[in-house]
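A short write-up of the structure that comes next.
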Amino acid sequence: MIDVLKRPFVSGTMHWHKNLAVTTTATARRFKGNGLPDHPTGRFPVQPGTPAYQYYAEIPAHGYPNAAAIPIKPWDLDVTVPRNPSVQAQPTCIDQLTTGMALAGGTFHLEVATDAQDRPVDPNAALPLDRCWGHPYDTQYHYHGPSQTCFGSKPPRVSADSPSRSPHSPLVGYAIDGFGIFGPRGEDGKIVRNGDLDVCHGHTHAILWDGKKVVMYHYHLNGEYPYSLGCFRGKPVTVPGSGHGWH
Ligand SMILES: [Zn+2]
Ligand SMILES: [Zn+2]
């Protein structure tokens, strides 16, 4: 087992102009944007001489000399999910790279990669990521691992003038089945452990959903594998233009 905290981060700093419009109808929620984040990322292409370079340079990449040469570029993110999804009788396995959209502008990817022997591995062990636990695949910037560190998902402070505010982490994104993705804190304000969550990395209790308190299934991000989604509890849509490939 590789200690992901001991491998380097992708160094450097790049700033981006996020463009993400989230619109709703009675039954649908649409995400239209450029896939770029509102927070700084590491420097991509990964620069020779930086600690992460060797990891990327060893991986072949379609259209580039190797994975180190892949830049972050805007793309046509246009995904429509159910606005009020329902839990299906059986969970659905993840069979595409993109698993959700972060309100920060990037996307979440499947937490499985393959090593040189084609064995499934935690992508966080396979490649260094930037300090927001993100990197580009096929030029699309996406997250793995404890990405919540860049989403400002500390619990809101409960004070005399806002006594009704919940210690639960705020919504940070939506899965492609329409369910919400929240930061790492549960109803009691404590970090949720995998033991508190089901196989898809979610659970059900009252949450704030489009301004109303409803009892609803939702996913949590935390620092334990698979960090984000393990499967879908709702019916996932297909993401047009989502990459398929090495991770
Ligand atoms: Zn929760
Ligand atoms: Zn990736």
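The values are calculated or read from the model by the stated rules, or taken from the named source; none is laboratory data. All values reported here derive from a predicted model rather than from experimental measurement. Neighbour counts run over all protein chains shown; Cβ positions are idealised from the backbone, glycine included. Areas reflect the complete protein model, heavy atoms only, side chains present, ligands, DNA and RNA absent. Shrake-Rupley method; radii C 1.70, N 1.55, O 1.52, S 1.80 Å.
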Value of [θ]222 nm, deg cm²/dmol, for the chain, DSSP H segments ≥ 4, -39500 (n - 2.57) each, nearest 500:
-500 deg cm²/dmol
When DSSP beta bridges are limited to those with both residues in the stretch 1-149, what percentage is antiparallel, rounded to the nearest 5?
90 percent
What are the ³J(HN,Hα) couplings of the stretch 36-43, residue after residue, when phi is run through the Karplus curve with 6.51, -1.76, 1.60 and θ = phi - 60°? Round to Hz, x for glycine and proline.
8, x, 8, 10, x, 10, x, 8
Send over a whole-number figure in Å² for the accessible area per residue of the stretch 176-247, probe 1.4 Å.
43 Å²
Accessible area of the chain belonging to carbon and sulfur atoms, whole % at 1.4 Å probe
54 percent
Accessible surface, the stretch 4-73, averaged per residue in Å² (probe 1.4 Å)
57 Å²
Please enumerate, by chain and number, the aspartates and glutamates with C-alpha under 20 Å from the C-alpha of K32, excluding those fewer than 8 residues away in the same chain.
D76, D78, D138, D177, D210
Go ahead and set up a Gaussian network model of the chain, Cα springs under 10 Å, then flag whichever of P91, P82, P123 fluctuates most.
P91
Taking all protein chains together and a probe of 1.4 Å, list W133, W16 from the most accessible to the least accessible.
W16, W133
Check: C-alpha center the stretch 32-111 vs C-alpha center the stretch 170-212, spacing in Å is 21 Å
Would you kindly enumerate the cysteines in the chain that have no other Cys beta-carbon under 4.7 Å from their beta-carbon?
C93
At what distance in nm do the modelled label points of V214 and Q90 sit from each other, each positioned 7 Å from its Cα along Cα→Cβ?
2.6 nm
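So what's the net charge close to P71: Lys and Arg +1, Asp and Glu -1, counting the other residues with Cβ under 11 Å from its Cβ?
Counting the neighbours of P71, the net charge comes to +1.
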